[in-house]
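Accompanying notes for the structure given below.
The values are calculated or read from the model by the stated rules, or taken from the named source; none is laboratory data. Predicted model only: the values in this text are computed from it and were never measured. Reconstructed Cβ throughout: ideal geometry from the backbone, glycine too, with neighbour counts over all protein chains shown. SASA here: full protein model, heavy atoms, side chains in, ligands and nucleic acids out. Shrake-Rupley method; radii C 1.70, N 1.55, O 1.52, S 1.80 Å.
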Amino acid sequence: RGEESLKAVIDKCHAAGLKVGMHMLTSFVGKNDPLVRPKPSPWLLKDAEATLARDLSETVTELAAASALAGFPMEDGPYGPANDILIDDEIIHYGQINTATFVQCVRGFAGTKSAPHKVGAKIYHLAEREGSYLADLRTSLKDAISDRVAGVINRCGFDMIYFDGGEINSANGPFWYWLGPQQAQIWEKSKRE
């Protein structure tokens, strides 16, 4: 029932002499998050790019790219399909790729709105792990997520945090660098001992 309820439970635990920890999946952005719907954050991590070959109406379910789609995944990952693309402010889920065409497309995916798109529009594949999109940690989205997490820690009174999935930050670049910046920023913003 929200933060107020969470804080009440944590206060009861503290009154009983218990400490309370938080578990988070580092840099993950759930598909039902306000950062995704109704308008996706421009700072979601993108790991492949193409260009739209022709104008699209909001109902077309086959999307042609100007070149072959070699960098786009063509099969499901271990947590289901990771076949979501972004054109302008619309997320589209594709079922298959046929050389330079996305087929079996679901328009207005993840709570976004189906819309027409012009030839030449950029098509981005949204990086995804374990059913969630990833934050581009080179952008201010890292700061927004850090503010949110540290805010919950501070307002609700958590005593510990477990950063799970930090290794997935390597989608941003070298693991040895990208594992730590977000976690360090959350620690800096947390006021709890």
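Each residue, M160 and D147, gets one label point 7 Å from its Cα in the Cβ direction; the gap between the two is 3.0 nm.
Mind grabbing the base-10 log of I(q)/I(0) for the chain at q = 0.14, 0.15 Å⁻¹? Debye formula, identical points on the C-alpha positions, no solvent, two decimal places. Once normalised to I(0) and log-transformed, intensities are -0.83, -0.91. Rolling a 1.4 Å probe over the protein chains gives I92 an accessible area of about 0 Å².
Keeping the other protein chains in place, figure out the carbon and sulfur percent of the accessible area of the chain, with a 1.4 Å probe. Could the numbers behind the result be given before it?
On the way: 5540 of 10230 Å².
So the carbon and sulfur contribution to the accessible surface is 54 percent.
Diffusion of the range 81-193 by Stokes-Einstein, at 4 °C in a medium of 1.567 mPa s and with Rh set to the Kirkwood radius over alpha-carbon pairs, works out to 79 µm²/s. Of Y133, Y162, Y94, the residue with the greatest mean-square motion in the GNM of the chain, using alpha carbon springs below 10 Å, is Y162. With the whole protein complex present, D136 retains an accessible surface near 30 Å², based on a 1.4 Å probe. Annotation for E58 and L18: the two label points, set 7 Å from Cα along the Cα-Cβ direction, are 4.9 nm apart. The C-alpha atoms of the chain define a longest principal axis, and helix 141-156 lies at about 30 degrees to it.
Based solely on its DSSP helices, what 222 nm [θ] is calculated for the chain when runs of n ≥ 4 H residues each add -39,500 (n - 2.57) and the sum is averaged over all residues, nearest 500 deg cm²/dmol? Mind dumping the intermediate values first?
Details: 4 runs with 42 residues, N = 193.
It comes out at -6500 deg cm²/dmol, rounded to the nearest 500.
Would you list V103, V9, V60 from the most to the least accessible area, probe 1.4 Å? Don't skip to the answer; put the middle values down first.
On the way: V103 20, V9 80, V60 45 Å².
The ranking, largest first, comes out as V9, V60, V103.
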